[in-house]
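The values are calculated or read from the model by the stated rules, or taken from the named source; none is laboratory data. On a predicted model such as this, the values are computed, not experimentally measured, just so you know. Here the Cβ positions follow ideal geometry from the backbone for every residue, glycine too, while neighbour counts run over all protein chains shown. Surface areas here come from the heavy atoms of the whole protein model, side chains and all, with no ligands, DNA or RNA. Shrake-Rupley method; radii C 1.70, N 1.55, O 1.52, S 1.80 Å.
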Amino acid sequence: AISPSATPTTCGLNNGSINLTISGGTAPYSYSWTGGLSGQNPTGVSAGTYTVTVTGSGVPACTNTATVTVNGSTAVTASATVTQPTCGLNNGSISVSPGPTGYTYAWTGGLSGQNPMNVGPGTYTVTVTQTATGCTGTARAVVNTSAGLSLSGNATATACGLNNGSITVTPSGGTAPYTYNWTGGLTGQNPTNVPAGTYTVTVTDSGTPGCSSTASYTVNASTGIAISPSATPTTCGLNNGSI
């Protein structure tokens, strides 16, 4: 007689086992399995149903057949979804599945929790552990570097004491076209006829979300030509006056 028992797999691995208790016939016995198993008590068995034929060593040889099922288990399959950063900031985020109930999350790179926020560029790995079983799964997340919006420019001083200064602003990065928001009533990318003073511009691109950058420029004052005339009158009817 054959009395089989099976230990199921855990964590989706091929780590089940089968134990056969044999009675009757003549020992030693030989074992012929389906599924590539061998021996009386095979280990490292994947989930499935197996048939074994046991043959005694007597003459004539007695045989018997039994079927045993090794139940399967569910692995922890982790996945990570990345929201990439914008505007050159460390404002990326990662969302991990499964969760949140019944799992813990161990990260590389100093991150924590199921859905870490304010993540900078880098490659991160999370190990998700099912608390009830201790089974684990891993996922990898790549957070890219984003291009910020930067400004360069210069200011031209006024001339001759007039309000004829100018400012030139050149944005780089981000997504064109750009909008320009000035202090002091200035408008446009390169305002002209600017009085002496310090002006601040905030440039915003047309991306979603819009990236912005701020810079200040100083238009220096100039001195115009001042004329202060004085006159000396003529005397004795002569042309001897002066200026």
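Points to keep in mind about this one:
- Test: residue in segment 189-198 that is closer than 30 Å to Asn118 by Cβ and modelled with pLDDT of 95 or more: no
- Odd one out for Ser5 among (1) of a type in the set (S, T, N, Q); (2) assigned to a loop (DSSP other than H, G, I, E, B); (3) modelled with pLDDT of 95 or more: (2)
- The lone exception for Gly92 - which of (1) farther than 24 Å from Ala139 by Cβ; (2) surrounded by 17 or more Cβ atoms within 10 Å (Cβ to Cβ) it fails: (1)
- If the condition is being more than 15 Å from Ala6 (Cβ to Cβ), outside any strand (DSSP E or B) and polar (S, T, N, Q), then segment 19-49 contributes Ser23, Thr26, Ser38.
- So Thr67, is it under 14 Å from Tyr31 (Cα atoms), open to solvent by 70 Å² or more (accessible area, probe 1.4 Å), at pLDDT 95 or above and hydroxyl-bearing (Ser, Thr, Tyr): yes
- Matching residues, segment 59-113, being touching a strand residue (DSSP E or B) at 6+ places or on another chain (Cβ under 9 Å), of a type in the set (A, V, I, L, M, F, W, C), over 30 Å from Leu37 (Cβ atoms) and outside any strand (DSSP E or B): Ala78, Cys87, Leu111
- Residue match in segment 45-64 (condition: hydroxyl-bearing (Ser, Thr, Tyr) and under 30 Å from Asn144 (Cα atoms)): no
- Residue pairs whose Cβ atoms lie under 7 Å apart, sitting 6 or more positions apart in sequence or on different chains, and linking a residue in segment 72-87 that is on the phi > 0 side of the Ramachandran plot and of a type outside the set (Lys, Arg) to a partner that is buried (at least 16 other Cβ atoms within 10 Å of the Cβ) and in a loop (DSSP other than H, G, I, E, B), are Cys87/Ser146; Cys87/Gly148; Cys87/Leu149; Cys87/Cys211.
- Considering segment 95-118, and only residues there that are within 11 Å of Thr138 (Cα to Cα) and hydrophobic (A, V, I, L, M, F, W, C), the residue that is most open to solvent (accessible area, probe 1.4 Å) turns out to be Ala106.
- Of the strands (runs of 3 or more DSSP E) contained entirely in segment 139-243, those carrying at least 2 residues that are out of contact with any His (no Cβ under 7 Å at 6 or more places or on another chain), small (Gly, Ala, Ser) and open to solvent by 70 Å² or more (accessible area, probe 1.4 Å) fall at 212-219.
- Checking Thr34, Thr74 one by one, the residue that is open to solvent by 60 Å² or more (accessible area, probe 1.4 Å) and at pLDDT 95 or above is Thr34 and no other.
- Candidates Thr86, Thr127, filtered to the one that is closer than 29 Å to Tyr180 by Cβ and either surrounded by 15 or more Cβ atoms within 10 Å (Cβ to Cβ) or under 11 Å from the mean Cα position of the chain (by Cα) (or both): Thr86
- Qualifying position, being in contact (Cβ under 8 Å) with a residue 60 or more places away in the chain, within 17 Å of the chain's Cα centre (by Cα) and farther than 30 Å from Cys11 by Cα, among Asn118, Asn144: Asn144
- Under the condition of being free of Cβ contacts under 8 Å to residues at least 60 places away in the same chain and either open to solvent by 60 Å² or more (accessible area, probe 1.4 Å) or in a loop (DSSP other than H, G, I, E, B) (or both), the residues counted in segment 8-18 number 2.
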